[in-house]
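Student: Before I ask anything, let me first share the structure, which is written out below as structure tokens.
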């Protein structure tokens, strides 16, 4: 520590200002830029740590359906709130100590920025969607509708792929109009 009692011995007490505090009970150093015998002062970086998060964030596509999600890591499912931020310290510790995370960190290229562990994710509770042709949807992600027998029905667009649009209609629908040119959704 570089602290002595003035006579070359070990002091009977050590001032708190002479102690290096590490921010968590367990940390993983990414580097130790000083060597034995180096002179250090209060501005010297003594120890650089791996990113230690108090919360983990699930990055889902920005247009993903807003709801609670589940991630799958290995053979285990873990809950993720609708905002995508895992703040439960036990769950965070479980994910960060998983063999999948350790393997990923060992194989990930080093660099600045957040570590992004790829995981599978799904909705926590299934939803029932209606599949309709994309040409029948009018509007955009914030104000979309379909027409059924000439009547506009508001819908939430959940997804679209391979010529199918998956929607949550405000009221149940069994058929939609596909000739919608010139029509518009009512303002919400």
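No value in this document is a laboratory result; all are computed from the given coordinates. None of the values given here were measured: they were computed from a predicted structure. Glycine also receives a Cβ, built like all others from the backbone with ideal geometry; neighbour counts cover every protein chain displayed.
Student: Sorted by packing (mean other beta-carbon atoms within 10 Å per residue), highest first, where do 179-187, 127-135 land?
Tutor: Answer by packing, highest mean first, reads 127-135, 179-187.
Student: Could you list the square roots of 5 times each eigenvalue of the Cα gyration tensor of the stretch 135-188, that is, the equivalent ellipsoid semi-axes, sorted largest first and rounded to whole Å?
Tutor: Numbers: eigenvalues 45, 32, 26 Å².
Output for the stretch 135-188: semi-axes of 15, 13, 12 Å.
Student: How far apart, in nanometres, would the label points at residue 7 and residue 122 be if each is projected 7 angstrom from Cα along the Cα-to-Cβ direction?
Tutor: The answer from the label model is 7.3 nm.
Student: Next question, about the same structure. Please report, in whole Å, how far the alpha carbons of the stretch 66-172 spread along each principal axis, starting with the longest.
Tutor: Cα spread of the stretch 66-172 along its principal axes, largest to smallest: 58, 27, 23 Å.
Student: Separate question: What FRET efficiency comes out for residue 67 versus residue 164 if R0 is 25 angstrom and r is the Cβ-Cβ distance? Round to the nearest 0.05. The partial results should precede the final answer.
Tutor: Numbers: r = 20 Å, r/R0 = 0.82.
Once the sixth-power term is evaluated, E becomes 0.75.
Student: Follow-up. Along the Cα-to-Cβ line of residue 82, 7 Å from the Cα, sits a label point; which residues in the stretch 163-188 have backbone N less than 19 Å from it?
Tutor: Label zone hits: 167-171.
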